[in-house]
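The values are calculated or read from the model by the stated rules, or taken from the named source; none is laboratory data. Only a predicted model underlies this, so the values are computations on that prediction, with no experimental measurement involved. Cβ atoms come from the backbone with ideal geometry, glycine included; neighbour counts cover every protein chain shown.
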Amino acid sequence: MKNGVLEHYKEYLPVTPDTPMFTIGEGNTPLIRAANLEKDIGCKELYLKFEGCNPTGSFKDRGMVVAIAKAIEEGSKAVICASTGNTSASAAAYAAYCNLSAIIIVPQGNIALGKLAQAIVYKAKIIALDGNFDQALNMVRSITEKHPVTLVNSLNPNRIEGQKTAAFEIVDVLGDAPDYLFIPVGNAGNITAYWKGFKEYHEAGKAGHRPIMMGFQAEGAAPIVLGHPVEKPETVATAIRIGNPASWEKAVAARDESDGIIDIVTDDEILSAQKLMASKCGIFAEPASAASLAGLIKMSAQGKDFSSKKIVCVVTGHGLKDTDIVLKSSEPFLELPADLAAIEKGIGLV
Ligand code: AN7
């Protein structure tokens, strides 16, 4: 792969001769065969698209490189976003690389500490809002209507353009689209972007078919499934703690055009999928990212037959961003002195 998303997929992106071309290493993330899970789930082939391997540890970097490049092309000096954590980390990093200032509004007390640390170290201007993500997004929309600051939430179409490249990569590696694409849904930009990518590659003759899109929201933050906004969304998966998604209609279109579903997974299902992915595949995903695998496990347990199907689960962000939940649920481990006999005994070797 050529270096970075902008260069590699420029013919599919809004790149002009004036677009600055740069990368901090986004894209070309691994598509990992989850052989240990295929039998239990009962599918033919299962792959995990590990977006945690992007430079700031989430899929947001694909869209951010395009959004920031276009902001610079348009003469912008500052960018702003509301975020449950990953968008702000990504915006702050790309703004830092490009000498722009980044303003981020995050829901106080409801973003994972790793993500907050990222915004701090990249030197974003941080506003911790006494409110939730949906309120933060409303603030950001009002600010960008009044002031010359570029909005880099996924309402910015350049974000969707960049994020669709993950669908291209899947097809480039598998040789065609998978039968099913399982994906977490929060603000619904990513499901929109993947569907756009699969459709464009199909139209370009790069894929013979399009996948069925399977989106999953957390039980306490499932407006699309319920059919109405959720005023006080709640879930352990703080990244998708969103009650009124910006790309709601586009997500519904992706679902319906692909004959797919958008359904619910519980926090328990999310956390057990997170543990399974780590212990059976060596992949540490943050909770929201495990909603895709949790959804697949749920559908398979309900009796859906995937035995002849090729499936991709999108793993949207890295587990190291949010270690609290894992540490809190850890079994106690042995604490021993530096004494060989005691350690041999502890391990069970004697
Ligand atoms: C790990 O960072 O909305 O449905 O502000 O961080 O495109 O919103 C994050 C969303 C899934 C949901 N997985 O994607 C933000 C933000 C992870 C995420 C989603 C997010 P969308």
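Residues that are touching a Leu at 6+ places or on another chain (Cβ under 9 Å) and of a type in the set (Ser, Thr, Tyr) within segment 44-75 comprise just one, 47.
For residue 221, the stated conditions do not hold, so it cannot be described as within 12 Å of the ligand (Cβ to nearest atom) and touching a strand residue (DSSP E or B) at 6+ places or on another chain (Cβ under 8 Å). The condition of being assigned to a loop (DSSP other than H, G, I, E, B), of a type outside the set (A, V, I, L, M) and more than 16 Å from the ligand (Cβ to nearest atom) holds for residue 16. Tell me whether segment 295-313 contains one or more residues that are basic (Lys, Arg), part of a helix (DSSP H, G or I) and over 27 Å from residue 89 (Cα atoms). Yes, segment 295-313 has at least one match.
Quick check on my filter: what residues within segment 15-52 are surrounded by fewer than 16 Cβ atoms within 10 Å (Cβ to Cβ) and closer than 23 Å to residue 96 by Cβ? Selection gives 18, 20, 21, 25. Provide a single number: the residues in segment 89-146 that are more than 18 Å from the chain's Cα centre (by Cα), touching a residue at least 60 places away in the same chain (Cβ under 8 Å) and surrounded by fewer than 20 Cβ atoms within 10 Å (Cβ to Cβ). Residues that pass the stated criteria total 4. The residue list 138, 190 contains one member that is modelled with pLDDT of 95 or more and under 16 Å from residue 63 (Cα atoms), which is 190. Select from segment 292-304 the residues that are among the hydrophobic types (A, V, I, L, M, F, W, C), in contact with an Asp or Glu (Cβ under 8 Å, 6 or more places away or on another chain) and surrounded by 24 or more Cβ atoms within 10 Å (Cβ to Cβ) and list them in ascending order. Residue satisfying the conditions is 294 alone. Would you confirm whether or not segment 248-263 contains a residue that is buried (at least 24 other Cβ atoms within 10 Å of the Cβ), more than 16 Å from the chain's Cα centre (by Cα), more than 12 Å from the ligand (Cβ to nearest atom) and small (Gly, Ala, Ser)? No, because not a single residue in segment 248-263 is buried (at least 24 other Cβ atoms within 10 Å of the Cβ), more than 16 Å from the chain's Cα centre (by Cα), more than 12 Å from the ligand (Cβ to nearest atom) and small (Gly, Ala, Ser). Listed by first and then second residue, the pairs linking a residue in segment 313-331 that is farther than 22 Å from residue 193 by Cβ to a residue that is acidic (Asp, Glu) and at pLDDT 95 or above, with Cβ atoms under 7 Å apart and 6 or more places separating them unless they lie on different chains, are 319/286; 322/286. Scanning segment 62-86 for residues that are over 21 Å from the mean Cα position of the chain (by Cα), in contact (Cβ under 8 Å) with a residue 60 or more places away in the chain and closer than 24 Å to residue 28 by Cβ gives 70, 71. Of all residues in segment 1-14, exactly one satisfies the criterion of being acidic (Asp, Glu) and loosely packed, with under 15 Cβ neighbours inside 10 Å, namely 11.
Pairing residues of segment 261-274 that are closer than 12 Å to residue 286 by Cβ and among the small types (Gly, Ala, Ser) with residues that are modelled with pLDDT of 95 or more and part of a helix (DSSP H, G or I), at Cβ distances under 7 Å and at least 6 apart in sequence or on separate chains, gives 273/290; 273/293; 273/294; 273/297.
Evaluating residue 239 against the criteria (1) over 28 Å from residue 114 (Cα atoms); (2) assigned to a helix (DSSP H, G or I) leaves one unmet condition, (1).
So is residue 7 within 21 Å of residue 184 (Cα to Cα), assigned to a helix (DSSP H, G or I) and out of contact with any helix residue (DSSP H, G or I) (no Cβ under 7 Å at 6 or more places or on another chain) or not? Here the answer is no, as residue 7 does not meet what is asked.
Check whether at least one residue in segment 191-200 is farther than 25 Å from residue 321 by Cβ, under 16 Å from the mean Cα position of the chain (by Cα) and surrounded by 24 or more Cβ atoms within 10 Å (Cβ to Cβ), and report yes or no. For segment 191-200, residues farther than 25 Å from residue 321 by Cβ, under 16 Å from the mean Cα position of the chain (by Cα) and surrounded by 24 or more Cβ atoms within 10 Å (Cβ to Cβ): present.
Which residue is farthest from the ligand (Cβ to nearest atom), if the candidates are limited to segment 53-88 and must be crowded, with 24+ Cβ neighbours inside 10 Å and among the charged types (D, E, K, R)? Top of the filtered list is 70.
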